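*Asks:* Structure below; questions to follow.
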Amino acid sequence: VHGGVSAALPNAFAREINVDKLLDVLKFTYSATKDPKFTEELVEELLETAFEVYILLRKIAEFNEETREFLAKKQGDDNDNRLEVETLEYFARNTGSIEIVQNGVLQRVIFRIPKFCRFVTGTTKLKTMRHADRSTPASKLVSIVDAVSDLNFEMLQQQRLRQNLFFRNVSDHDLAFQRLEFLCAVLLNMLMLAGWEYSSEKDDVIFRRNWEFSAIIVLGVAAACFSVINLVVSMAQFGRLHLRKRFRELKWNGPRIRLLRLRPGMRFLQWDGFRIPVFGAIVHRVIGLVCTFYYLMTKAKFAYPIIKVAFAIVGLTYNPFFFCAHLLDILNLSLQLQGVIKSITSNAKSLALTLILIFVVIYIYGGIAFLNFRDEFPNDDVGNEPLCSTLFRCTVVAINGGMRQGDIGQVMNSNEWSGAGLVIFKFSYFFVIVILLLNVILGIVLDTFAELRQDNIQTNHALNNFCFICSIDRQTFDRYGDGFEVHIKDDHNLWHYVYFLVRTLYSKDPTEYTGQESYVADKLQMQSIDFFPIGQAFVLKEREQLEDSEKKNTALQIKETRKFVEQLSNKVDAQNVLLVTLSEQIRDLAQADFTGA
């Protein structure tokens with residue numbers, strides 16, 4: 001039944017089994033999940049059997065109209081038995097359905113979704129879908145398969161956190177805590193902006209009113225508490241996942257992973273082939289913590305909350321102005337600003353190289369100015385020393401004055417004509433540095449922002465108009481199926497595929513695999529994704545079969561009509577022959593009568 005594509009076996013089951021009895025099994029099991037007298041182990045055993053029963057009913061309903069109508073009626077709003085409705089909704093909610101290609105045949109797989117899969121966050125779902133490689137229909141599916149291991153780890157981590165009352169309540173409102181922290185920072189900085197002033201008597205900055213300082217302390221403590229909560233939640237949810245990825249990257253690159261996976265029994269550390277003797281479990285622990293902290297700080301997602309907590313402590317103990325760093329939370333709360341920052345950071349290498357080129361060119365201009373035009377620079381206001389008395393000072397003046405004021409001529413003496421060489425020097429500096437190179441940086445940022453915007457538009461278009469699994473467009477399903485939205489929700493639900501892969505690879509004993517699960521596991525072991533139905537869907541296959549049937553019926557009707565026309569034509573020809581014969585006979589009789597007369 002699991003891998004069947006024929007209606008014979010399901011219809012045989014439908015004739016022999018009592019569907020009402022199976023429904024009673026489901027209702028009993030659903031009631032047991034809410035009954036405290038049943039142990040967790042017993043409930044799990046009952047659920048495992050009940051889900052097999054429900055999957056059997058679903059498979060039978062695919063091919064048997066009576067069973068399908070029975071389930072639809074029991075799950076409909078017209079059913080007054082709320083236990084039956086809730087039971088079927090519970091099993092439907094925790095059961096996934098996907099389509100795979102096994103040995104060239106498109107099949108539907110119905111499976112139980114593991115309980116921990118419901119803990120995947122919406123942010124993770126969106127990130128996984130948007131960051132997939134969409135260069136080809138197969139490449140995005142490879143991206144999903146590669147992400148299954150991390151998704152499984154994250155869902156298990158979220159499940160462990162949800163068992164803790166504190167994390168369960170905080171995780172559900174993490175965005176609210178971030179907004180409260182930002183609100184406290186805004187109010188605190190507004191108070192400083194309105195009430196902070198310099199007192200010449202005390203030679204220090206003070207607040208105009210006493211209550212303002214108390215309000216800042218209260219807001220600072222609140223902001224610090226929210227910062228700590230957000231840091232703890234971020235570390236608990238994603239810290240271990242980041243370290244796991246980092247360790248795996250290091251393992252791929254070589255034996256350096258041994259420096260991080262420290263155990264008390266080790267007596268040395270191995271760093272790229274070099275053995276460093278280390279004694280004592282405490283030293284191992286300290287080195288492990290240092291490495292962990294280092295790899296967390298290399299990720300902006302964790303480095304920024306750590307810095308905020310540090311600034312909050314300094315702001316409470318030393319100077320409240322350090323709470324200005326918390327205003328940068330606006331970047332975390334605004335996707336548009338994140339896009340602006342990404343337009344700079346995504347091309348950071350090109351920008352850095354361009355800046356290096358600019359400083360090299362400015363250094364050359366500083367050297368030219370030092371060797372040829374140092375007398376054209378005025379003296380400084382402090383030591384009355386010429387601004388261009390050394391190559392270093394000339395270079396600093398060219399960088400600071402020339403770039404900040406937009407023209408190195410603004411720093412030099414205001415003599416309009418001091419020779420053609422000086423005019424060419426000033427104009428070439430303005431043209432090369434200000435007009436060309438600085439605009440190159442601006443162009444890189446604008447081009448990157450335009451590319452990111454275009455990529456975002458293309459990604460949104462792909463997500464809204466093409467199935468992630470089969471890559472068939474929306475119009476096809478709207479024209480031939482039940483609609484695109486129904487297809488990506490019921491037939492090719494991306495996250496049902498993820499849950500199936502998680503269940504197959506990490507949650508189920510290989511000795512208990514079904515034929516379909518064994519086939520998928522073998523394909524994944526061979527690093528093949530041939531089981532994904534790229535360019536195929538059951539709803540379109542059914543439509544094709546219907547169209548083929550209609551074509552066959554039409555062809556048969558045309559054949560029968562042609563045959564009828566041929567028969568009719570033969571009859572008409574026979575009648576024409578008869579008419580010709582009769583007309584000849586009549587003509588002969590008439591001629592004989594005329595001759596006789």
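Every number here is computed from the coordinates shown, using simple stated rules; none is lab data. Only a predicted model underlies this, so the values are computations on that prediction, with no experimental measurement involved. Please note: Cβ atoms are built from the backbone with ideal geometry, for glycine as well, and neighbour counts cover all protein chains shown.
*Asks:* Taking 24 Å as the cut-off for C-alpha to C-alpha distance, list the pairs among 74/541; 21/74; 342/489 that go past it.
*Replies:* From the list (74/541; 21/74; 342/489), the Cα-Cα distance tops 24 Å for 74/541; 342/489.
*Asks:* A further question follows. For residue 380, list long-range residues whose amide hydrogen, built 1.01 Å from N in the peptide plane, is under 5 Å from its own amide hydrogen.
*Replies:* Residues meeting the criterion, in which the H sits 1.01 Å from N, are 385, 387.
*Asks:* Of 73/127; 115/523; 127/523, which ones are farther than 32 Å apart at the Cα?
*Replies:* 73/127
*Asks:* So, one more: Counting Lys and Arg as +1 and Asp and Glu as -1, what is the net charge of the other residues whose Cβ lies under 9 Å from the Cβ of residue 87?
*Replies:* So the environment of residue 87 carries a net charge of -1.
*Asks:* Tell me which aspartates and glutamates have Cα within less than 14 Å of residue 308's Cα, excluding those fewer than 8 residues away on the same chain?
*Replies:* Output for residue 308: 181, 329.
*Asks:* Also: Viscosity 0.692 mPa s, temperature 37 °C: Stokes-Einstein D of segment 35-86 from its Kirkwood Cα radius, in µm² per second?
*Replies:* The estimated diffusion coefficient comes to 259 µm²/s.
*Asks:* When you count, for each residue, the other Cβ atoms within 10 Å and take the mean per peptide, how do 359-371, 124-136 rank with the highest first?
*Replies:* Ranked from most to least packed, the peptides come out as 359-371, 124-136.
*Asks:* When the Kirkwood radius is taken over all Cα pairs of segment 349-507, what Stokes-Einstein diffusion coefficient follows at 37 °C and 0.692 mPa s, in µm²/s?
*Replies:* 158
*Asks:* When we measure straight from the Cα of residue 349, which aspartates and glutamates land under 19 angstrom away, once same-chain ones fewer than 8 places off are left out?
*Replies:* 447, 451
*Asks:* If you plug each phi of segment 137-147 into the Karplus form 6.51 cos²θ - 1.76 cosθ + 1.60 with θ = phi - 60°, what whole-Hz ³J(HN,Hα) values come out, in order, with x for Gly and Pro?
*Replies:* Working through the residues one at a time gives x, 7, 5, 6, 6, 5, 4, 5, 4, 5, 8 Hz.
*Asks:* Right, another one. Just to check I understand the Karplus step: with θ = phi - 60° and J = 6.51 cos²θ - 1.76 cosθ + 1.60, what whole-Hz values come out for segment 201-207, glycine and proline as x?
*Replies:* 5, 8, 6, 7, 7, 9, 9
*Asks:* Once you wrap a convex hull around the alpha carbon atoms of segment 311-395, what is its projected area averaged over all directions, in nm²?
*Replies:* About 9.8 nm², averaged over all directions.
*Asks:* Among rounded, prolate and oblate, which fits segment 89-160 when a ≥ b ≥ c are the square roots of the eigenvalues of its C-alpha gyration tensor, a/c under 1.5 means rounded, and a/b larger than b/c means prolate?
*Replies:* Taking the square roots of the gyration eigenvalues as a ≥ b ≥ c, segment 89-160 is oblate.
*Asks:* Could the peptides 565-578, 437-450 be put in order, highest first, of the mean number of other beta-carbon atoms found within 10 Å of their residues?
*Replies:* 437-450, 565-578
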